[in-house]
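*Asks:* Provided herewith is a single structure, encoded as structure tokens, for subsequent inquiry.
The values are calculated or read from the model by the stated rules, or taken from the named source; none is laboratory data. Source: prediction; values computed, not measured. As a convention, Cβ positions derive from the backbone with ideal geometry for all residues, glycine included, and neighbour counts pool all protein chains shown. Quick note on the areas: whole protein, heavy atoms, side chains included, nothing else; ligands and nucleic acids left out. Shrake-Rupley method; radii C 1.70, N 1.55, O 1.52, S 1.80 Å.
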Amino acid sequence: MTDDVLIVHGGTPLEGEIRVRGAKNLVPKAMVAALLGHEPSRLRNVPDIRDVKVVRGLLQLHGVTVRAGEEEGELVLDPTYVESANVADIDAHAGSSRIPILFCGPLLHRLGHAFIPGLGGCDIGGRPVDFHFDVLRQFGAVIEKHPQGTVLNAPQRLRGCKIELPYPSVGATEQVLLTAVLAEGVTELRNAAIEPEIVDLICVLQKMGAIISMGTDRTILITGVDRLGGYNHRAIPDRLEAASWACAALATQGDIYVRGARQLEMMTFLNTFRKVGGAFSVDDEGIRFWHPGGELKAIALETDVHPGFQTDWQQPLVVALTQASGLSIVHETVYESRLGFTSALNQMGAHIQLYRECLGGTPCRFGQRNFLHSAVVSGPSKLQGAELVIPDLRGGFSYLIAALAAQGTSQVHGIDLINRGYENFMDKLRALGAQIELPAA
Ligand code: EPU
């Protein structure tokens with residue numbers, strides 16, 4: 001498919017301004033939350049990305065009307081007539097995204113049953129959903145797995161419960177929130193994820209009438225209510241996309257103003273960016289990121305759950321680290337297989353060696369389990385253009401950064417995957433002066 005290949009002529013610093021809108025890892029979940037209400041909801045700052053389209057399609061199959069609002073990037077979601085959807089129609093969405101798993105709680109509350117298709121999402125590890133089904137069972141759901149998907153039933157109203165997650169999973173925390181708000185009684189969730197997108201989802205649910213309080217020790221207390229209304233909410237900006245552009249500025253020796261980026265959710269990234277030698281300045285509308293000249297510095301980096309260094313920032317930053325002087329150490333502790341993308345960087349001239357040991361200060365879950373989850377990046381390396389095949393969303397954007405930082409021309413295959421989480425990325429690249437073209441038809 002020729003339109004799935006991008007030709008990238010590297011060597012030009014990216015300079016100019018782009019805008020990020022609502023977070024990919026919040027917006028689809030806030031759309032699912034609308035299903036819990038008995039009134040229309042308004043979600044603003046919605047990006048035009050594929051995960052939003054997938055969720056929109058699934059909501060519509062269940063009787064939710066979804067239309068554009070008055071403001072650009074506004075969706076109005078009306079769940080007044082929620083109904084069962086045809087299993088074959090739902091199944092057409094199999095493999096498209098991971099968000100359908102979050103329909104479980106809302107559909108059980110609204111209909112008493114749910115069918116969840118096979119999940120998609122990036123291949124960056126096993127990505128099981130055992131925590132999700134374990135917590136749903138604790139609420140009283142009955143779950144049957146079938147070859148095509150999973151059938152869930154709620155023989156009676158779901159009941160609040162005490163839950164302790166084995167790991168602070170983002171998705172499982174969202175599953176608990178979206179289920180507990182309408183369950184009978186109180187739910188106490190321990191070892192919850194507290195990513196900014198989760199806090200924003202809590203804000204959405206509170207606007208709808210939910211009662212949720214956050215403790216200081218990863219504990220969240222949810223008091224179930226009988227009925228929820230709608231919400232009017234502006235999604236928090238995409239801190240993951242913003243960091244990707246920051247790394248693109250650093251790796252290409254460029255200067256990018258990311259309109260919409262916000263300091264509060266990016267503090268950990270900003271500290272690391274500064275340690276590597278990147279410069280930034282924050283104003284009320286966004287953050288400017290640039291390469292101030294001189295050498296970039298090698299660092300030791302460990303990914304972690306929030307407030308640690310987000311795993312989704314790791315891949316773009318590794319590309320910038322190939323340009324830093326000395327040995328950088330990267331320990332990926334969230335996903336067991338999120339460093340595979342580095343083999344293509346090595347083909348381009350980078351020097352990255354992967355290890356099964358935990359090379360960071362803290363031993364993680366993957367140390368004893370034979371996963372290549374630590375990396376040593378030796379730089380600076382001159383990157384050369386190459387033929388690249390995109391492996392996953394963030395890895396894919398990282399390949400674009402590498403191709404733009406490299407000398408010569410690269411052919412990047414599978415670019416459609418990037419549309420899952422980066423809005424209009426080709427227009428944004430062109431606006432920053434990137435020399436990119438689609439192959440002649
Ligand atoms: N895990 C389990 N069992 C479960 C759920 C998770 O073992 O039932 C494990 C995972 O295998 C992983 C770890 O727990 O090793 C963390 O997974 P988590 O549930 O936190 O991730 P997620 O909810 O599937 C979201 C984002 C990811 C982001 C992670 C971590 C969405 C749609 N996805 O995934 O975003 O990396 O949280 O912050 O919100 C991306 O944007 O490119 C992306 C992959």
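*Asks:* Within segment 14-49, track down each residue that is of a type in the set (G, A, S), in a loop (DSSP other than H, G, I, E, B) and under 22 Å from the mean Cα position of the chain (by Cα).
*Replies:* Passing the criteria: only A23.
*Asks:* Can you tell me which residue is farthest from R190 (Cα to Cα) among those in segment 89-100 that are open to solvent by 10 Å² or more (accessible area, probe 1.4 Å) and not acidic (D, E)?
*Replies:* Step one: filter segment 89-100 for residues open to solvent by 10 Å² or more (accessible area, probe 1.4 Å), giving 89, 91-96, 98-99.
Those still in the list that are not acidic (D, E) too: 92-96, 98-99.
Working: A92: 35, H93: 32, A94: 31, G95: 30, S96: 30, R98: 23, I99: 22 Å.
Filtering first and then ranking leaves A92.
Table: residues versus (1) at pLDDT below 95; (2) out of contact with any Asp or Glu (no Cβ under 9 Å at 6 or more places or on another chain); (3) buried (at least 24 other Cβ atoms within 10 Å of the Cβ).
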site: T187; (1), (2), (3): no, yes, yes
site: K207; (1), (2), (3): no, yes, no
site: A248; (1), (2), (3): no, yes, yes
site: A251; (1), (2), (3): no, yes, yes
site: G254; (1), (2), (3): no, no, no
site: Q263; (1), (2), (3): no, yes, no
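*Asks:* Shifting gears a bit: Take segment 340-365 and flag every residue that is under 23 Å from A249 (Cβ atoms) and hydrophobic (A, V, I, L, M, F, W, C).
*Replies:* Matches in segment 340-365: F341, A344, L345, M348, A350, I352.
*Asks:* Now for a different question. Condition first: open to solvent by 20 Å² or more (accessible area, probe 1.4 Å) and either of a type outside the set (A, V, I, L, M, F, W, C) or not assigned by the TED database to the domain that holds P106 (or both). Now tell me which residues in segment 119-139 satisfy that.
*Replies:* The answer is G121, D123, G126, R127, P128, D130, D134, R137, Q138.
*Asks:* What strands (runs of 3 or more DSSP E) completely inside segment 248-306 contain at least 1 residues that are farther than 22 Å from V377 by Cβ? Lay out the reasoning, then the answer.
*Replies:* On the way: elements: 255-259, 279-282, 286-290, 300-302.
Because the criterion is at least 1 residues that are farther than 22 Å from V377 by Cβ, the strands (runs of 3 or more DSSP E) in segment 248-306 that meet it are 255-259, 279-282, 286-290.
*Asks:* Related question: Can you pull out the residues in segment 141-158 that are among the basic types (K, R) and within 13 Å of E184 (Cβ to Cβ)?
*Replies:* Answer for segment 141-158, where residues must be among the basic types (K, R) and within 13 Å of E184 (Cβ to Cβ): just R157.
*Asks:* Take segment 67-83 and flag every residue that is assigned to a loop (DSSP other than H, G, I, E, B) and within 25 Å of the chain's Cα centre (by Cα).
*Replies:* G69, E71, E72, G73, E74
*Asks:* Still on this structure, I have one more. For R56, state whether it is more than 30 Å from G433 (Cα to Cα), assigned to a strand (DSSP E or B), touching a strand residue (DSSP E or B) at 6+ places or on another chain (Cβ under 8 Å) and modelled with pLDDT of 95 or more.
*Replies:* Judged against the criteria, R56 is not a match.
*Asks:* Please go through segment 322-340 and give me each residue that is in contact with a strand residue (DSSP E or B) (Cβ under 7 Å, 6 or more places away or on another chain), of a type in the set (S, T, Y) and either within 17 Å of H306 (Cα to Cα) or not assigned by the TED database to the domain that holds K382 (or both), ordered by number.
*Replies:* Within segment 322-340, just T333 meets the criteria.
*Asks:* Answer yes or no as to whether I222 is at negative phi, outside any loop (DSSP other than H, G, I, E, B) and within 14 Å of the ligand (Cβ to nearest atom). So that I can check it myself, show each step before the final result.
*Replies:* Working: at negative phi: yes; outside any loop (DSSP other than H, G, I, E, B): yes; within 14 Å of the ligand (Cβ to nearest atom): no.
It is false that I222 is at negative phi, outside any loop (DSSP other than H, G, I, E, B) and within 14 Å of the ligand (Cβ to nearest atom).
*Asks:* May I pose another question? Every residue in segment 8-64 that is closer than 11 Å to L77 by Cβ and open to solvent by 50 Å² or more (accessible area, probe 1.4 Å), please.
*Replies:* Within segment 8-64, E39, P40, R42, R56, Q60 qualify.
*Asks:* Could you count how many residues in segment 324-366 are more than 30 Å from G10 (Cα to Cα), surrounded by 18 or more Cβ atoms within 10 Å (Cβ to Cβ) and out of contact with any Ser or Thr (no Cβ under 9 Å at 6 or more places or on another chain)?
*Replies:* 1
*Asks:* Oh, and also: For segment 122-215, which strands (runs of 3 or more DSSP E) that fit wholly inside it have 1 or more residues that are within 15 Å of the ligand (Cβ to nearest atom), touching a residue at least 12 places away in the same chain (Cβ under 8 Å) and in contact with a Pro (Cβ under 9 Å, 6 or more places away or on another chain)?
*Replies:* The qualifying strands (runs of 3 or more DSSP E) are 149-153.
*Asks:* Identify the single condition in (1) open to solvent by less than 10 Å² (accessible area, probe 1.4 Å); (2) within 13 Å of the ligand (Cβ to nearest atom) that Q310 does not satisfy, given that it satisfies every other one.
*Replies:* Result: Q310 fails condition (1) only.
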